[in-house]
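Structure record follows, encoded as structure tokens.
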Amino acid sequence: MAFFDLVDFDDHEQVVFCSDKATGLKAIIAVHNTALGPGAGGCRFWDYDNDEQALTDVLRLSKGMTYKNAMAGLKLGGGKAVIIGNPKQLKSTALFEAFGRAVNNVGGRYYTAEDVNITTSDMAIVNSQTEFVAGLDGKSGNPAPFTALGTFLGIKAAVKFKLGKDDLSGLKVAVQGLGSVGYDLCAKLHAAGASLVVTDINQEALDKAASEFGATIVALDDIYHQDVDVFSPCALGASVNDVTIDLFKASIIAGCANNQLAAAKHDQLLKDKGILYAPDYVINAGGIINVALEIYPQPYCENEATKLVEKIYHTLMNVFDKAANENKPTGIVADEMAREIITRGNQD
Ligand code: NAD
């Protein structure tokens, strides 16, 4: 494989392949850019079809973290880790200890935290081997509720911009994925008076959403063409792709999932269809904002974290305004704004 020629290789500063035969650990840590501070981003545990898929994921996700942290106004660069394999079969104390040692060996250029299939208990084990970990219980804790808050406020910003509405009552939202973030987001949307259409591979979560929020359950493939105002991708990436792009009836796409667009071209295609896209790494920055306050030298403060997460509303409004004024897709505009911030960081 010609690594440096990979489409998703973006001059990443460091990519580390880690393995520990005794525990079955196979992981990749990618540090994309440290112009603004140490690379920070969660660790995802996923049963990839092959190692190339895992590499692509970590390269894209770590770059996304550079842009996300810049747009969130954090003094952090971009990094991410993936652990390869089935978490149900592989998870063990020894494996997370091995991962902790791997993170430690990167020497503070990468701070890890929770992402898909990783809990605060897992991170506590990682912390037994390295200080370069955040999102710990008793400190900033699980980032998901902050991600849900930021996503909720981002949906409010998008609704205000696109539909001119200040409140969400009567709004219809399709939520794809009822995990740590998606479920909490549903609770907030329901409390704000929105009606919900949901899907997930987890029947228990679906049943709970139906009974707690009166959510309508639909099959996995039926979530895209629901007659709703907002489509909110909260599962894995690439929900907006060549197949789904023609199915959407929603006029807003705003959710917490990372890498929502399967390809860069979908940004322009959404604009052409008159669909307002809330760039994923801007709307889902709540968790990393909370985590950042644990990494910073000052003691962690929940109120401060909440205030910073609330800024996501205004950051997104700026992106929407700029995109409209310049007649550009929102994703491109967010990238341009992030790159400006990173360039300024490089010059400091
Ligand atoms: P999670 O693992 O708790 O939830 C993911 C949910 O998606 C699960 O309920 C799972 O059953 C469901 N799912 C999986 N495949 C699906 C499919 N094909 N269709 C519908 N549902 C499916 O993860 P999470 O922490 O809630 O994160 C969700 C997304 O948000 C991920 O893309 C993650 O990278 C991103 N994100 C999370 C955070 C955070 O703070 N946890 C922060 C930023 C971004």
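In sequence order, segment 161-169 has phi-based couplings of 5, 7, 10, x, 9, 7, 10, 9, 5 Hz under the Karplus curve 6.51 cos²θ - 1.76 cosθ + 1.60, θ = phi - 60°, and Gly or Pro positions carry x.
Show that you can apply the helix-only estimate: for the chain, add -39,500 (n - 2.57) for every DSSP H stretch of four or more residues, divide by all residues, and state [θ] at 222 nm to the nearest 500.
On the way: 12 runs with 154 residues, N = 348.
Helix-only estimate at 222 nm: -14000 deg cm²/dmol.
What number comes out for the charge environment of Leu316, summing +1 per Lys or Arg and -1 per Asp or Glu over other residues with Cβ under 13 Å away? Spell out each step's value before the answer.
Numbers: positive: Lys68, Lys156, Lys160, Lys162, Lys311, Lys322; negative: Asp280, Glu310, Asp321.
Value of the local net charge: +3.
The residues Asp20, Asp51, sorted by heavy-atom accessible surface at 1.4 Å with ligands and nucleic acids left out, run Asp51, Asp20 from largest to smallest. Taken one residue at a time, the phi angles of segment 127-143 give Karplus couplings (6.51, -1.76, 1.60, θ = phi - 60°) of 5, 5, 10, 8, 8, 8, 8, 9, x, 8, 4, x, 10, 6, x, 5, x Hz. Gly and Pro are set to x.
Heavy-atom accessible surface of Cys18, to the nearest 10 Å², is about 20 Å², with a 1.4 Å probe and all protein chains retained. Placing unit charges on the Cβ atoms of the charged side chains and taking the dipole of the chain about its Cα centre, the candidate lying farthest along the positive direction among Leu55, Asn127, Gly164 is Gly164. How much of the accessible area of segment 4-96, probe 1.4 Å, is carbon plus sulfur, in whole percent? Carbon and sulfur together cover 47 percent of it. Residues whose amide H falls under 5 Å from that of Leu25, counting only those 5 or more places apart or on a different chain, are Asp20, with hydrogens built in the peptide plane. Around the amide H of Gly37, modelled in the peptide plane, lie the amide H atoms of Gly77, all under 5 Å away and 5 or more residues distant in sequence or on another chain. Sorted largest first by accessible area at a 1.4 angstrom probe radius, with every protein chain in place, the residues Phe4, Phe45, Phe17, Phe132 fall in the order Phe4, Phe17, Phe132, Phe45.
Among Asn284, Asn86, Asn259, the largest mean-square fluctuation in a Gaussian network model of the chain, built with springs joining Cα atoms closer than 10 Å, belongs to Asn86.
Structure shown: which of Lys68/Lys249; Lys249/Lys271; Lys172/Lys328; Lys63/Lys249; Lys80/Lys139 lie over 22 Å apart, alpha-carbon to alpha-carbon? Over 22 Å Cα-Cα: Lys68/Lys249; Lys172/Lys328; Lys63/Lys249.
Residues in segment 227-240 carry Karplus couplings, in order, of 7, 10, 7, 10, 9, 10, x, 10, 10, 9, x, 6, 5, 9 Hz; the curve used is 6.51 cos²θ - 1.76 cosθ + 1.60 with θ = phi - 60°, and Gly or Pro positions show x. Exposed loop positions in the chain were taken to be trypsin sites (Lys or Arg not before Pro) whose DSSP state is not H, G, I, E or B and which have at most 14 other beta-carbon atoms within 10 angstrom. Between these positions, the longest stretch is 76-164.
From the Cα gyration tensor of segment 167-317, with a ≥ b ≥ c the square roots of its eigenvalues, which class applies: rounded if a/c is under 1.5, or else prolate if a/b is larger than b/c, or else oblate? Kindly include the intermediate steps, with their values, before the conclusion.
Details: a/c = 1.81, a/b = 1.29, b/c = 1.40.
It comes out oblate by the Cα gyration axes.
Just going by the charge dipole of segment 1-142, with Lys and Arg at +1 and Asp and Glu at -1 on Cβ, which of Ser92, Ala27, Val16 is farthest out on the positive end? The one lying farthest along the dipole's positive direction is Ser92. Hydrodynamic estimate: the Kirkwood radius of segment 33-131 over Cα pairs, inserted into Stokes-Einstein at 4 °C and 1.567 mPa s, corresponds to D of 95 µm²/s. At the residue level, Ser195 shows approximately 60 square angstrom of accessible surface with a 1.4 angstrom probe and all protein chains present. For Gly141, the amide hydrogen comes within under 5 Å of the amide hydrogens of Gly135, Leu136, counting only partners 5 or more places away or on other chains and with H modelled in the peptide plane. For Ile275, neighbours were defined as the other residues whose beta-carbon sits under 10 Å from its Cβ, and their charges (Lys and Arg +1, Asp and Glu -1) total +3.
Ligands, DNA and RNA aside, Glu212 has an accessible area near 90 Å² when probed at 1.4 Å. If you take all other residues with their beta carbon under 11 Å from the beta carbon of Glu302, and give Lys and Arg +1 and Asp and Glu -1, the sum is 0.
The values are calculated or read from the model by the stated rules, or taken from the named source; none is laboratory data. Source: prediction; values computed, not measured. With ideal geometry, Cβ positions are generated from the backbone for all residues, glycine too; neighbour counts draw on all protein chains shown. Ligands, DNA and RNA are stripped out before the accessible areas are found, and what is left, the full protein with its side chains, is counted by its heavy atoms. Shrake-Rupley method; radii C 1.70, N 1.55, O 1.52, S 1.80 Å.
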